[in-house]
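Novice: Okay, handing you the structure first.
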Amino acid sequence: MRVVVAEDLFLLRDGLTRLLAAHEFEIAAAVDTAPALLCALLEHRPDVAVVDVRMPPAFADDGLQAALAARREVPGLPVLLLSQYVEQLYARELLADQAGAVGYLLKDRVFSDEAFVDAIRTVAGGGTVMDPEVVTKLLGRRSRDEPISRLSGRGRSNTAIAQRLYITEKAVSKHTTSIFTKLGLAADQDDNRRVLAVLAYLNS
């Protein structure tokens, strides 16, 4: 699997490339600026890009904007964002085309190489990976959501939701199934329907 890595800090960029190489990924390019990222994505058209949001030259959302520009040229190009920050705007821009093959992870919440590699493979396969903190932030403005919907979107299991709200698991299951049906999300082991439901809801 071919990967483009975009990270302006040398030690982190080098660490990412070594980690991925150890897991048998092919590093197509490792870049440290947003313009170099855009060039690398259009030239190599990798299976997935691992992208820092804030990169030179402006250190704003340059990395994200380069990834979005590449996705406009190569629809569905898989992109996994890595950031220190939870920003609604970043996530919304990445998810706007609803094409999937996207992810948003927080750097300080990646706790193992196995989980990180799994996330990359999921995004490369067309799936969506969102850190629960990002989902929580996205749902924060919808304070009047139904409690089950909010807790489900935050990644809570049916058991945890039932315990939190003092209701039965059956009631939780019935509610979430109803949400999935209304949003046209058929059962599919390859997709995280809870995350997809949140994304569909936010884009409604």
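Novice: What spacing in nm lies between the two simple spin-label points modelled at Phe111 and Gln84, each 7 Å away from Cα in the Cβ direction?
Specialist: 2.2 nm
Novice: Hey, another quick one. Full extension from Leu11 to Ala99: what is 0.36 nm times the residue separation minus their Cα-Cα distance, to one decimal in nm?
Specialist: 28.5 nm
Novice: Determine the sum of side-chain charges near Phe111: Lys and Arg each +1, Asp and Glu each -1, restricted to other residues whose C-beta is under 14 angstrom from that of Phe111.
Specialist: On the way: positive: Lys107, Arg109; negative: Asp108, Asp113, Glu114, Asp118, Asp131, Glu133.
Around Phe111, the charge tally is -4.
Novice: I would also like to ask the following. Less than 12 Å Cβ to Cβ from Arg45, Lys/Arg counted +1 and Asp/Glu -1: what total charge do the surrounding residues give?
Specialist: -1
Novice: For region 29-37, what does the Karplus curve 6.51 cos²θ - 1.76 cosθ + 1.60, with θ = phi - 60°, yield as ³J(HN,Hα) per residue in whole Hz, taken in order and with x for Gly and Pro?
Specialist: Karplus-based 3J(HN,Hα) across region 29-37 equals 6, 10, 10, 10, 9, 5, x, 5, 4 Hz.
Novice: Turning to a different aspect of this structure: Of Asp52, Asp61, Asp97, Asp108, which has the most accessible area and how do the rest follow, probe 1.4 Å?
Specialist: Listed by decreasing accessible area, they come as Asp108, Asp97, Asp61, Asp52.
Novice: Could you list the residues of region 71-87 with an amide nitrogen less than 18 Å from a label point located 7 Å from the Cα of Arg2 in the Cα-to-C-beta direction?
Specialist: Answer for region 71-87: 71-80.
The values are calculated or read from the model by the stated rules, or taken from the named source; none is laboratory data. No experiment lies behind these values; they were computed from the predicted model shown. Please note: Cβ atoms are built from the backbone with ideal geometry, for glycine as well, and neighbour counts cover all protein chains shown. Surface accessibility is based on the protein's heavy atoms, side chains included, excluding ligands, DNA and RNA. Shrake-Rupley method; radii C 1.70, N 1.55, O 1.52, S 1.80 Å.
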